């Protein structure tokens, strides 16, 4: 008798565009982690590279850090949009009664 392995299918759900933008706007690279973990790691590294000279006093004005924050917000918006666009649509059936689609 053979046993078949049960492989649970993990569906990718979409991300809220508004929440992704708000989190990235408020928390920068850390908020970007909601929409894209890879993007958060990349932008965190970029933020550290940009912020270190500011903290060492090489640049008097910290405005140089502003573009990093803006890129985080834009990246979060694109990542959330792509994730939502590629998420499987919920099939509620022809009657819309919440039952799986019956064709």
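The values are calculated or read from the model by the stated rules, or taken from the named source; none is laboratory data. Being a predicted model, the structure only gives us computed values, none of them experimental. In this analysis, Cβ positions are derived from the backbone assuming ideal geometry, glycine residues included, and neighbour counts consider all displayed protein chains.
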message = If I go through the stretch 24-56 residue by residue, how many of them are assigned to a helix (DSSP H, G or I), more than 13 Å from residue 66 (Cα to Cα), under 13 Å from the mean Cα position of the chain (by Cα) and without any contact (Cβ under 8 Å) to a residue 40 or more places away in the chain?
response = 6
ask   = Hey, among the residues in the stretch 1-60 that are more than 22 Å from residue 81 (Cα to Cα) and either surrounded by 15 or more Cβ atoms within 10 Å (Cβ to Cβ) or in contact with a helix residue (DSSP H, G or I) (Cβ under 7 Å, 6 or more places away or on another chain) (or both), which one's modelled with the lowest pLDDT?
value = 59
